[in-house]
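Asker: Take this structure first; my questions come after.
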Amino acid sequence: MSLEVAIERCTSCGLCVERCPLDCLRLDERELPVLKYAECWYCGACEVECPEKALTVQLPFLIR
């Protein structure tokens, strides 16, 4: 999965990390969210819960 982070908007609040149902996210050394596991379900909870709309989940395949 590709998780795009708008660095200029991210406030490092960690809400995305808390809301991930699979605990796939962590904050890196710059305090930005990154994937720590590849088992992401692409549910979009991190994107939806971000108060700054700083995350975009990019699906790796086309769903039809």
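Asker: State the extension gain, in nm to one decimal, for the chain segment bounded by Val57 and Tyr42, taking 0.36 nm per residue of separation less the distance between their alpha-carbons.
Answerer: Full-extension gain reported as 4.7 nm.
Asker: Next question. At 1.4 Å probe size, what's the solvent-accessible area of Ser2? Round to the nearest 10 Å².
Answerer: Rounded to the nearest 10, the figure is 50 Å².
Asker: What do you reckon, how do Asp28, Asp23 stack up by accessible area (1.4 Å probe), largest on top? Please report the intermediate quantities before stating the final value.
Answerer: Values: Asp28 15, Asp23 75 Å².
Descending accessible area places them as Asp23, Asp28.
Asker: So which trypsin sites (Lys or Arg not before Pro) in the range 1-35 are both in a DSSP loop and have at most 12 other Cβ atoms within 10 Å of their Cβ? Walk me through the numbers before you get to the answer.
Answerer: Working: sites: Arg9, Arg19, Arg26, Arg30; in loops: Arg9, Arg30.
When the trypsin sites (Lys or Arg not before Pro) of the range 1-35 are filtered for loop state and at most 12 Cβ neighbours within 10 Å, Arg9, Arg30 remain.
Asker: Of the labelled options (1) 17.3, 45; (2) 11.4, 36; (3) 11.0, 37, which one gives Rg and Dmax of the Cα atoms in Å as computed for this structure?
Answerer: The listed entry that was calculated here is (3).
Asker: Related question: Going by amide H atoms built from the backbone, whose H comes under 5 Å of the H on Leu25, apart from near neighbours?
Answerer: Sorted by chain and number, the residues that satisfy this are Lys36.
Asker: Could you give the length gained on full extension between Glu31 and Ser2, defined as 0.36 nm per residue of separation minus the Cα-Cα distance, in nm?
Answerer: The Glu31-Ser2 span can extend by a further 8.7 nm.
Asker: Scan the chain and report its longest stretch carrying no GluC sites (Glu not before Pro) that are both in a DSSP loop and have at most 14 other Cβ atoms within 10 Å. All intermediate terms of the calculation are to be shown ahead of the outcome.
Answerer: Values: sites that count: Glu8, Glu29, Glu31, Glu39, Glu52.
Longest site-free region, per DSSP loop and neighbour criteria: 9-28.
The values are calculated or read from the model by the stated rules, or taken from the named source; none is laboratory data. Computed from a prediction, not measured in an experiment: that's the story for all the values here. Methodologically, a virtual Cβ is constructed for each residue, glycine included, from the backbone with ideal geometry; neighbour enumeration extends over all protein chains shown. Protein only, heavy atoms only, side chains kept; ligands, DNA and RNA dropped before computing areas. Shrake-Rupley method; radii C 1.70, N 1.55, O 1.52, S 1.80 Å.
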